[in-house]
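Report on one structure; see the data block that follows.
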Amino acid sequence: MTTIVHFEIQLDPAKLADASEILSETLAATRAWPGNEGLEVLVSDDDPANMIVVEKWASTIDHTRYVEWRATPEGGGGRIRELLAAPPTTRVFSEQLPLTLAE
């Protein structure tokens, strides 16, 4: 079942000039990970240092393996840590609520 992950980050405003390059570098490895079906970065209208990376995974297992890899010295979280003003938050959504829409 498809899994959607919201990875919310609060960047140090003083480091916004470097954000695009570092995020692109870090997220290239995410996109290349087996099971990743795509991602996008959304920037808050109220605070350009607040972003959510919306990731689509083939399964929760694929995402879990990716997170485990990021925790290793090889995965290391990339250079994104250089940008952070606060610890990131992650929310994983893998269950869908079936809706019946009235016509």
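I need the shape label for the chain. Rule: rounded when a/c is under 1.5, else prolate if a/b > b/c, else oblate, with a, b, c from the alpha carbon gyration tensor.
Taking the square roots of the gyration eigenvalues as a ≥ b ≥ c, the chain is oblate.
Can you compute the FRET efficiency between GLU25 and ALA85 using 1/(1 + (r/R0)^6), with r the Cβ-Cβ distance and R0 = 22 Å? Round to the nearest 0.05.
In this case the efficiency is close to 0.70.
Please give the peptides 3-10, 90-97 ranked by average Cβ packing (other Cβ atoms within 10 Å per residue), highest first, as a rough proxy for protection.
Taking the mean over residues of other Cβ atoms within 10 Å, the ranking is 3-10, 90-97.
For n ≥ 4 DSSP H runs only, could you compute -39500 (n - 2.57) per run for the chain, divide by its residues and tell me the 222 nm figure to the nearest 500?
Here the helix-only value at 222 nm equals -9000 deg cm²/dmol.
Between LEU97 and ALA14, what is 0.36 nm times their sequence separation minus the Cα-Cα distance? Round to one decimal in nm.
Using 0.36 nm per residue and subtracting the Cα-Cα distance, I get 25.8 nm.
Taken together, the values in this text are just the output of simple stated rules run on the coordinates, not laboratory data. Every value quoted in this text rests on a predicted model; they were computed, and no experiment measured them. When we count neighbours, we look across all protein chains shown, and the Cβ atoms used for this are built from the backbone with ideal geometry, even at glycine.
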